[in-house]
Structures are given as structure tokens and as C-alpha cells.
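The values are calculated or read from the model by the stated rules, or taken from the named source; none is laboratory data. Model, not experiment: these values are computed from the prediction. Note that each Cβ is placed from the backbone with ideal geometry, even for glycine, and that neighbours are counted across all protein chains shown.
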């Protein structure tokens, strides 16, 4: 009986079952892929400032509401507005655009600034020194400040427990202390002019040195570059300054950051027969 031929109808039915078993299930419709938004290409400006540029910048910052000049690279302007300081060096400032060398709101607006032309740049309060925060205005007992060696006087700008503050009022044994930045809540206008666009590597390195070693001409440092190392010869007068080791480390870190092809910075000194 086992060798008997199966009825044709049964054979056909089994074939259909086999076909059904091997059929691939229908694929579910693929979910629509979310198209990635194209990245915005960085604009390149001709004959103007671009992000990453090394520039020497002349700049004067003014509070729009009061016309108060609070910052300038011009010694003459500083004297004229009563903000001159003998402790600082005046002249165009090194700025690597986009690297936070100046106020954030100004930094982001420098690209597109034409070379050798003065330009006004408006910076809103939130991108300058921030909005005023009422929580930063506090009332402190007079005796507490006196115990810290602070003599409160209205309008005085003091350092209290490591925080800069302004005394707003004094009376009845209490002092109102404002920890907000003096320019908080104010829109700022900068007048800027690019005094120099630095493109040569050696000039860039000298600019980074000059930024740390104030009062010494960067050209007095010898710079010798190999494939992976930069050797800096320091002049004799450097040893009469303060915080020399901090400045040397700062220069080295700056150079390694902006010149990724270098692996190390080495300082050397030369003493000649007098």
C-alpha cells in the first residue's frame, strides 16, 4: 500500500502548501527617512575678515544708553574719557576671530568686516554683559562688610568675597550690594578697524608671543621651526619681568593649539661674552 500512487488532487494540494511555505512575506512599507537638513556652509568673505583669521584690531566700546566709553585700544581715547590706565599697553589687539579673544557678541559679528575700514557693530545686551538679574542685588548688614575690611560708599566698585560688586546705597545699618556687571542690561556699540591681517606663520607666532609678554617687542624673540618642534630664544630683558613661567607656558599652549603640526615648544637662552 505504501508504494501506491497518491491521488492527483492530494499531490496538487501538497505542492500548493510547499509553495506557500517558501514564499517570502511581504515587506512592510519602509518608513520615510527623515531627510537631514543640509549643513549651512560657512561664508567666505573676500577682502574682509573671516572666521579663524589672525588680525590686529583697533576697537572702542560704548554703552549705547549713556554714551560711556568703557573699553578702547587707543591711549588718546582712554585719556579723553577718563579710563586711562598706566598698567596696560595700548595699541591694536590680537584677535583670532571666533576664538573668544573679545566679547562673544562682538566676536560673532566680526566676519565680513572690510579690511582697513572703520565699522560700527551693535551688540545686544544678552550677547554683551547679560541682562540684569534682580537676584544679584542683595542687602547686607553694614557690620558684616566692615568685618571683611570693606568700607561701603555709594558708587564704590569693590571685591567682596571674590565677587566684583557695586555699592548702590548705604543707610540704617544696611548696605545694598549689586553683583551685576556694571554694563549688564545695556546694549553695546563697538567701533572697530582691522589694523593688520596676519597671514604668515612666523608673524602669527610673534603675535601670540606679544600677547603674553607685554612691553617686549616680539621681534626680540628668536623663532626656529622644524617639522615637529618650535624653538624660542628668549631675550635677556625677559628675566626682569613678573610671572615669566606663566607667560612661557601660555605661549607654548597657544602655539600648540593653533599650529597642530607641532608637537612641542622649547625655550632657550643665550648668554654672550660682554
Scanning region 172-183 for residues that are outside any loop (DSSP other than H, G, I, E, B) and either in contact with a helix residue (DSSP H, G or I) (Cβ under 9 Å, 6 or more places away or on another chain) or touching a residue at least 60 places away in the same chain (Cβ under 8 Å) (or both), the one nearest to residue 124 (Cα to Cα) turns out to be 178
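The rows are residues; the columns are (1) modelled with pLDDT of 95 or more; (2) surrounded by 15 or more Cβ atoms within 10 Å (Cβ to Cβ).
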| site | (1), (2) |
| --- | --- |
| 105 | yes, yes |
| 112 | yes, no |
| 127 | yes, yes |
| 142 | no, yes |
| 193 | yes, yes |
Within region 215-234, tally of residues that are assigned to a strand (DSSP E or B) and either touching a strand residue (DSSP E or B) at 6+ places or on another chain (Cβ under 7 Å) or modelled with pLDDT of 95 or more (or both) = 9
Scanning region 56-70 residue by residue, those on the phi < 0 side of the Ramachandran plot and surrounded by fewer than 18 Cβ atoms within 10 Å (Cβ to Cβ) turn out to be 64, 65, 66, 68, 70
Looking at this structure, is residue 186 touching a helix residue (DSSP H, G or I) at 6+ places or on another chain (Cβ under 8 Å) and not in a strand (DSSP E or B)?
-> yes
Note: among 96, 83, just one is closer than 22 Å to residue 186 by Cα and either in contact (Cβ under 8 Å) with a residue 12 or more places away in the chain or not assigned by TED's automatic domain parsing to the domain that holds residue 187 (or both), namely 83
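Residue-by-condition table, conditions (1) surrounded by fewer than 18 Cβ atoms within 10 Å (Cβ to Cβ); (2) assigned by TED's automatic domain parsing to the domain that holds residue 258; (3) in contact with a strand residue (DSSP E or B) (Cβ under 8 Å, 6 or more places away or on another chain); (4) at pLDDT 95 or above:
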| position | (1), (2), (3), (4) |
| --- | --- |
| 145 | no, no, yes, no |
| 155 | yes, no, yes, no |
| 159 | yes, no, yes, no |
| 162 | yes, no, no, no |
| 165 | no, no, yes, no |
| 172 | yes, no, no, no |
| 188 | no, no, yes, yes |
| 205 | no, yes, yes, yes |
| 213 | no, yes, no, no |
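For region 125-140, how many residues meet the condition of being farther than 13 Å from residue 176 by Cβ and touching a strand residue (DSSP E or B) at 6+ places or on another chain (Cβ under 8 Å)? Give the steps one after another, and end with the answer.
Taking region 125-140 as the starting set, the residues that turn out to be farther than 13 Å from residue 176 by Cβ are 125-133, 135.
After this cut, where a residue has to be touching a strand residue (DSSP E or B) at 6+ places or on another chain (Cβ under 8 Å) as well, the list is 125, 128-129.
Residues meeting the conditions: 3.
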Test: residue 237 is over 26 Å from residue 100 (Cα atoms), assigned to a loop (DSSP other than H, G, I, E, B) and not assigned by TED's automatic domain parsing to the domain that holds residue 90 | no
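I need a count of the residues in region 240-257 that are farther than 15 Å from residue 216 by Cα, in contact (Cβ under 8 Å) with a residue 40 or more places away in the chain and out of contact with any strand residue (DSSP E or B) (no Cβ under 7 Å at 6 or more places or on another chain).
If we filter region 240-257 for residues that are farther than 15 Å from residue 216 by Cα, which is where we start, we get 245-246, 249-250, 252-257.
Applying the additional criterion that residues be in contact (Cβ under 8 Å) with a residue 40 or more places away in the chain yields 254-255.
Applying the additional criterion that residues be out of contact with any strand residue (DSSP E or B) (no Cβ under 7 Å at 6 or more places or on another chain) yields 254.
Number satisfying all stated conditions: 1.
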